[in-house]
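Every number in this text was worked out from the coordinates using simple rules, so none of it is lab data. Fair warning: this is a prediction, and the values are worked out from it, not measured in the lab. Here Cβ is always computed from backbone atoms with ideal geometry, including for glycine, and neighbour counts include all displayed protein chains.
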Amino acid sequence: MRIKSIYLQNYRQYKNVTLNFPGNEENELYIFIGKNGTGKTNVLNAINWCLYNDEPHLSRDSEGLPILNNLAFQNAEENTPVPVKVEIILETNEGMPIVFSREETFLIKTNKEISNSKKFIIIKKDKKLNDIFIENGDATKKCVETLVPKNIREYFFFDGERLDNYFKIPGDVIKQAIMDISKINYLFRMRERIENVARNFRKEAGKVSDKINTLQENLENETEELKRFSYQLDEAESQYDMAEKEIQRISEELVRFPNVSDLEKNRLRLEQEIEKNTLLLEEKRKDKANLLFKQYILVNSYEATKNTLQITQQMREKGEIPPFTDQEKLVSILKEDFCNICGRNLDSDSRKWIEDIIKKIPISSKIAIELSDFEKPIKMMYDDIEDHYESISDISKEIGYYEDHIKDLDGELNQIRSMYENYDVDKIRNLEQERNSYIESRGTQKERIKQLKELISKKKTDINSLNDQIEKEGKKNARAKIFMQKVNFCNEAENILDITINQRLDEIKRKIQEETNAIFFNLIWKKSTFNKITIDENYQVKITSSDTNLPMLGCLSKAENELLALSFTLALHNVSGFDAPLLIDTPVARVSDDQRVNFGKTLAQISKEKQIFLLFTPAEYSLDIKAVIEPTLTNKYSFEMSSDEKQTIIEEIK
């Protein structure tokens, strides 16, 4: 399937534009080049609007603007209908055209456009090449979903600037789309029909046996219960997947910001620490002031007492001060025959010892005695001053410690205040709350999934038991036996279909995984960084590290993420049989160097089998990518704004 042409009438920047894509036998690679703001992405929006009636890639500047072309609006007459129309002609592999045409008519009233009518038509050819018109309703929706399913449009309308969506599509949506695309859904429909046939045979058997009829009614009830539980399980698993993806999305966004909760805790802790240490600092300063006040005289006498003691010691060492001996005291002791120093009477030896001393020592000078009497209190005062100086020194060290600690705490607090100024704290807090909500939801759904699986397992056991009982009862009745044989045949057919469906899905998943790995590791230059890409049973893509074997999807750069998304997209196209064009807006905006060249080579090679449209800015379409793509180019187009900037003109570059 390929796009044969696109027609835009009064759609946003486009007044009247027709794009034809003739193709060639070798390949189909079309390049569009235009500056930002000229309307490249609105070509992508026009296709989406035509097929799905929405515009998912609108820029913020365009969201508030009317879909009606500005020039058409200005030139329109009052109450005259003005159409906005996008028409896409697809061509099947058999060369049969399919026309998709969406039109919305506006009436201009008092300088306002008012939607007047809407129309969506699909035109197909029957076997006799007659036109078949399919108009608004379920038929048009079904036709679109068969050819280009809306749920996985991100995988063929590929916006390089909006990578976040590519790995957030629920796996069950991708799985269902693959079943639709690869026609596996036909097998499911066949299984449902066989199941209905078997149900009718059981009812017929029940008509000839009351017991079988009762068992059949029980079986119907149990089967309905099983379907209900299975539906609830699908819903729970979908909710679980959504919560998982939202947690990952928010976590990837929050990794750029600080943890507000932790910041808030640290801020409060630091403020409390500063307040506590400030109080302690003030107490120490008061203690020091009180100590200095009390010891003011002693402290001011410190140097004088110190010098006095030093001079006295120096004189004693030089012999200028005789040893202290009081002759009058010794004479008094002899006279009283009693020593008032040691408190006892003198004996003959003591008397003789004192008499000898009196004869031997020189008479102490009065100055020496006074100096000796004065030295002791000075020494005591000096020792007291030394003790207080040590206390003051200890307090001063504590004061220094608290001052430095408060300074460090202030530094940490200022860093937090700076973070608060640089980030939107309310937004971060809301994101954290949202993530916590999804974490709680994920836990709830996980428990729900466990419970439902247990219920489903029990229901299946009960259903198997009822089937066995019905089969046993059927053997007892000849007429019922015939119907039960037909039921058994239907059951065997259902089992074969189940095996076939599961084998086909496993095969598709395995091939998509192999193809994704092959394409990705051909594109990426950091081949030793990544281990492998895996796709689980729910079609969730995971890429692991070669060092730790841990998931790395949230750690990829935007360029690597784009390459992985492209690899999965191409694998999905190739393996599932999904034959649709591939349109990539801003394909190499985040890709550089060797990856850019490999990217171009891969797309050029794929264009031999699939129609590809690439929308570049002039800066993106650099010499290296141009050298790779130009040799395989089919057509090249440019986007140019008109001189009044009210419309965009698309011209083919020859």
K284: which lysines have alpha carbons under 24 Å from its alpha carbon, excluding same-chain residues fewer than 8 sequence positions away?
K276, K294, K397, K407
If I stretch the segment between I121 and D624 completely, what's the gain in nm (0.36 nm per residue apart, minus their alpha carbon distance), one decimal?
176.8 nm
Based on other C-beta atoms within 10 Å, arrange T214, T569, T140 from fewest to most.
T214, T140, T569
Considering only the other residues whose Cβ falls under 14 Å of the Cβ of K397, what net charge follows from Lys and Arg at +1 and Asp and Glu at -1?
-3
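Quick one: net charge around N93, please, counting Lys, Arg +1 and Asp, Glu -1 for every other residue with C-beta under 9 Å from its C-beta.
Numbers: positive: R2; negative: E91, E94, D579.
The answer is -2.
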Rounded to whole Hz and in sequence order, give me ³J(HN,Hα) for segment 641-654 from the Karplus expression 6.51 cos²θ - 1.76 cosθ + 1.60, θ = phi - 60°, writing x for Gly and Pro.
6, 5, 4, 8, 6, 9, 7, 10, 10, 10, 10, 6, 8, 7
Within straight-line cross-link reach of K626, aspartates and glutamates at Cα separation under 14 Å, skipping those fewer than 8 residues along the same chain:
D593, D594
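Ranking R417, R596 by Cβ neighbours within 10 Å, fewest first, what do you get?
So the residues, fewest neighbours to most, are R417, R596.
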Run the simple label-point estimate for V331 and E640 please: 7 Å along Cα→C-beta, distance reported in nm.
13.8 nm
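What full-extension length gain, to one decimal in nm, is calculated for N549 and T461 as 0.36 nm per residue of separation minus the Cα-Cα distance?
Details: separation 88, 0.36 × 88 = 31.68 nm, distance 3.88 nm.
Length gained between N549 and T461: 27.8 nm.
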Peptides 609-618, 38-47, 228-237 ordered by average Cβ neighbours within 10 Å, highest first
38-47, 609-618, 228-237
Tell me, what is the FRET efficiency for A493 and I132 to the nearest 0.05, using R0 = 56 angstrom and their Cβ-Cβ distance as r?
0.95
As a footprinting exposure proxy, order H405, H57 by other Cβ within 10 Å, with the fewest listed first.
H405, H57
